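The values are calculated or read from the model by the stated rules, or taken from the named source; none is laboratory data. Since the model is a prediction, treat every value here as computed from it, not as a measurement. In this analysis, Cβ positions are derived from the backbone assuming ideal geometry, glycine residues included, and neighbour counts consider all displayed protein chains.
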């Protein structure tokens, strides 16, 4: 299927590896010009080289609003504008109510809530002006079903989901869609770190396996496509059926 986005311009945050890289690679495969960011020049330049010659590497730390909005501005300058924004960032450290401090919630909100909000403030106005845009945030299945020992991520990602839903309703008439993808377990470095203590990470997943980041990228590319223009305000789980909620 031709997704109808060849020649579009995308900024994909935190794309040196993991799901961010998979999304950037999928978009590039559809003919989208992609700007990607990471905190280290060597890793993001290597990622851009793997994506293809049209990928633009940008060194940026999106864990703060300033770094996040700075990445979008740099991507706009490099590409001549942005049609697609993929907001993404790493996750905060694991912990539970007894082990984390109040101050750690502020850091988590900076990383997984305010950074996405800042990227939207930098990217969405021009999308509204041109009357076409796609905003896609990579959050977590935790916004539907909190994950034990990830209280910081559960809290911050639920907050940004409320922002995204509200934004979607405000900009829908301008041709801009706003959605989020809720990944379950996928074969990324973060999952390996969180589940490196033994046991079967696929236990409890109806599909019987953990996800392939390439498949996740394909889902993301569709949500950014011309065909998905009437799909907005949605938080879509990509988790092999692990989420047990009815809606």
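Out of region 206-247, which residues are in a loop (DSSP other than H, G, I, E, B) and within 13 Å of the chain's Cα centre (by Cα)?
224
Restricting attention to region 28-45, report how many residues are crowded, with 19+ Cβ neighbours inside 10 Å and either under 16 Å from the mean Cα position of the chain (by Cα) or outside any loop (DSSP other than H, G, I, E, B) (or both).
Residues flagged as crowded, with 19+ Cβ neighbours inside 10 Å and either under 16 Å from the mean Cα position of the chain (by Cα) or outside any loop (DSSP other than H, G, I, E, B) (or both) within region 28-45 amount to 8.
Do we find that residue 156 is surrounded by fewer than 16 Cβ atoms within 10 Å (Cβ to Cβ) and in contact (Cβ under 8 Å) with a residue 24 or more places away in the chain in this structure?
When the stated conditions are applied, residue 156 does not pass them.
So which of 14, 48, 68, 6 ends up being in contact (Cβ under 8 Å) with a residue 24 or more places away in the chain, within 24 Å of residue 183 (Cβ to Cβ) and either out of contact with any helix residue (DSSP H, G or I) (no Cβ under 6 Å at 6 or more places or on another chain) or not in a loop (DSSP other than H, G, I, E, B) (or both)?
Result: 68 is the single residue among 14, 48, 68, 6 that is in contact (Cβ under 8 Å) with a residue 24 or more places away in the chain, within 24 Å of residue 183 (Cβ to Cβ) and either out of contact with any helix residue (DSSP H, G or I) (no Cβ under 6 Å at 6 or more places or on another chain) or not in a loop (DSSP other than H, G, I, E, B) (or both).
Could you list, in sequence order, the residues of region 71-104 that are under 13 Å from residue 118 (Cβ atoms) and surrounded by fewer than 19 Cβ atoms within 10 Å (Cβ to Cβ)?
Within region 71-104, just 73 meets the criteria.
Among the residues of region 133-146, what is the count of those that are free of Cβ contacts under 8 Å to residues at least 60 places away in the same chain and surrounded by fewer than 17 Cβ atoms within 10 Å (Cβ to Cβ)?
1
Out of all the residues in region 17-45, which are in contact (Cβ under 8 Å) with a residue 12 or more places away in the chain and over 22 Å from residue 133 (Cβ atoms)?
Result: 17, 18, 21, 38, 39, 40, 41, 43, 44, 45.
If residue 205 meets every condition in (1) without any contact (Cβ under 8 Å) to a residue 40 or more places away in the chain; (2) exposed (fewer than 14 other Cβ atoms within 10 Å of the Cβ) apart from one, which number is that one?
(2)
Go through (1) surrounded by 16 or more Cβ atoms within 10 Å (Cβ to Cβ); (2) modelled with pLDDT under 95 one by one and return the number of the condition residue 53 breaks.
Of the numbered conditions (1) surrounded by 16 or more Cβ atoms within 10 Å (Cβ to Cβ); (2) modelled with pLDDT under 95, the odd one out for residue 53 is (1).
Report every pair of residues separated by at least 6 positions or lying on different chains whose Cβ atoms are under 8 Å apart, first residue within region 172-185 and at positive phi, second part of a strand (DSSP E or B) and buried (at least 21 other Cβ atoms within 10 Å of the Cβ).
175/133
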